[in-house]
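A single structure is presented below for examination.
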Amino acid sequence: MTKTTPNLIIFDCDGVLVDSVMAHCEVLSANFAKYGLEISPIDCRDKLGAGKMSEIGNAAQKLGASLPDHWLDEIYYEIFTRLEQGVPLIDGIEDVLKQIKAEQIKICIASNGSRKKMEIMLGASGLLSHFDEYIYSAHDVGVWKPDPGLFLHAAGQMREDVSECIVIEDSPTGALAAKRADMKCLGYAADTNANDLISHGATKFLSMREIPKLVGI
């Protein structure tokens with residue numbers, strides 16, 4: 001019988017495991033308003049993307065924000081403070097993780113966010129324990145999506161070939177990184193323009209409960 005399940009499923013964090021994207025964007029929106037840029041949380045998400053925080057700051061400056069030299073320290077402090085108040089899990093994700101692990105498929109996280117941020121968001125919910133130490137942050141690796149390096153690093157650390165990996169993403173940035181890494185990508189489009197994911201080769205899905213079937217369980 002031909003094997004259809006992957007050996008490794010690589011999860012993004014924000015918007016895939018936890019419903020944190022708008023909380024994050026609300027902090028950005030309020031912060032930029034202090035520095036001369038009025039931009040809604042939704043426009044923060046759609047126009048500034050989900051890349052490296054310094055690049056988000058650069059994009060905001062091009063739109064008119066006058067950010068101080070200490071801005072990165074400031075925005076990380078504000079974001080962490082907000083996330084410590086708690087963010088909900090994406091509906092269905094905990095049951096799906098249990099199903100995947102029951103099939104002895106490896107799982108890990110590969111996120112542009114810092115490890116501290118992921119620990120804050122996932123620790124309170126208990127979701128962190130599903131991943132043990134298999135959490136890979138762009139801040140530690142030194143490459144940010146859409147560069148494929150973060151996904152390639154995760155696969156290497158998990159000792160799996162790219163052909164045996166599936167990436168779960170909700171952002172065009174992440175889907176493009178998966179494409180560049182030659183990994184199959186499932187694009188969670190509940191709050192994302194599906195066409196933006198599909199344009200980078202992702203397979204669209206709308207509910208986490210679809211994942212077991214999509215990965216061959």
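How big is the dipole moment of the chain about its Cα centre under a simple scheme where the beta carbon of each Lys and Arg is +1, that of each Asp and Glu is -1, and everything else is neutral? Debye, nearest 20, please.
460
What is the Cα convex hull volume of region 62-146 when expressed per residue in Å³?
Expressed per residue, the convex hull around the Cα atoms of region 62-146 is 141 Å³.
Over region 63-200, what percent of the accessible surface lies on carbon and sulfur atoms, probe 1.4 Å?
Reported share for carbon and sulfur atoms: 46 percent.
Still on this structure: Translational D (Stokes-Einstein, µm²/s) of region 165-208 at 25 °C and 0.890 mPa s when Rh comes from the Kirkwood sum over C-alpha pairs?
The diffusion coefficient I find is 255 µm²/s.
Sum up the charges of everything whose Cβ sits under 15 Å from the Cβ of HIS139, counting Lys and Arg as +1 and Asp and Glu as -1, but leave HIS139 out.
Result for the neighbourhood of HIS139: -2.
Same structure again: What does the helix-only formula give at 222 nm for the chain: each DSSP H stretch with n ≥ 4 adding -39500 (n - 2.57), the total divided by the residues, and the result rounded to the nearest 500 deg cm²/dmol?
When only DSSP H runs of four or more count, the value is -12000 deg cm²/dmol.
What do you get for Rg/Rh over region 100-217 if you use C-alpha atoms and the Kirkwood form of Rh?
Using only Cα positions, Rg/Rh for region 100-217 is 0.94.
How many nm is it between the label spots at GLU133 and LEU63, if each spot is 7 Å from the Cα in line with the beta carbon?
The answer from the label model is 4.0 nm.
I've got another one for you. Springs between alpha-carbon pairs under 10 angstrom, Gaussian network model over the chain: which of LYS204, LYS98, LYS184 fluctuates most?
In the Gaussian network model the winner is LYS98.
Please tell me the relative contact order of region 4-52 in percent, rounded to the nearest whole number, where contacts are Cα pairs under 8 Å and at least six residues apart.
27
Explain nothing, just the number: relative contact order of the chain, from Cα pairs under 8 Å at least 6 residues apart, as a whole percent.
Relative CO of the chain lands at 25 percent.
Let me ask something else. What does the accessible area per residue of the chain come to in Å², with a 1.4 Å probe and no ligands, DNA or RNA counted?
With all protein chains present, the chain gives 47 Å² per residue.
Determine the dipole magnitude for region 1-68: charges of +1 sit on the beta-carbon of Lys and Arg, -1 on that of Asp and Glu, nothing else is charged, the reference point is the Cα centre, and the result goes in debye to the nearest 20.
Approximately 200 debye in magnitude.
So, one more: Taking each pair of distinct Cα atoms in the chain once, what is the resulting Kirkwood hydrodynamic radius in Å?
Every distinct Cα pair counted, the radius reaches 17.5 Å.
Return the unpartnered cysteines for the chain, using a Cβ-Cβ cut-off of under 4.7 Å.
CYS13, CYS108, CYS165, CYS185, each lacking another Cys Cβ under 4.7 Å.
Putting +1 on Lys and Arg Cβ atoms and -1 on Asp and Glu Cβ atoms, find which of SER199, CYS108, GLY86 reaches farthest to the positive end of the dipole of the chain.
Of the listed residues, the answer is SER199.
A further question follows. Can you bin every Cα-Cα distance in region 4-82 into 5 Å intervals starting at zero and give me the percent of pairs per bin, rounded to whole numbers?
Result returned by the calculation: 3, 15, 25, 25, 13, 7, 5, 4, 3, 1, 0.
Still on this structure, please answer the following. Top mean-square fluctuation among PHE151, PHE131, PHE11, Gaussian network model of the chain, C-alpha springs under 10 Å?
The residue with the greatest mean-square fluctuation here is PHE131.
The values are calculated or read from the model by the stated rules, or taken from the named source; none is laboratory data. None of these values were measured; they are calculated from a predicted model. Cβ atoms come from the backbone with ideal geometry, glycine included; neighbour counts cover every protein chain shown. Note: accessible area is taken over every heavy atom of the protein model, side chains too, but ligands, DNA and RNA are not part of it. Shrake-Rupley method; radii C 1.70, N 1.55, O 1.52, S 1.80 Å.
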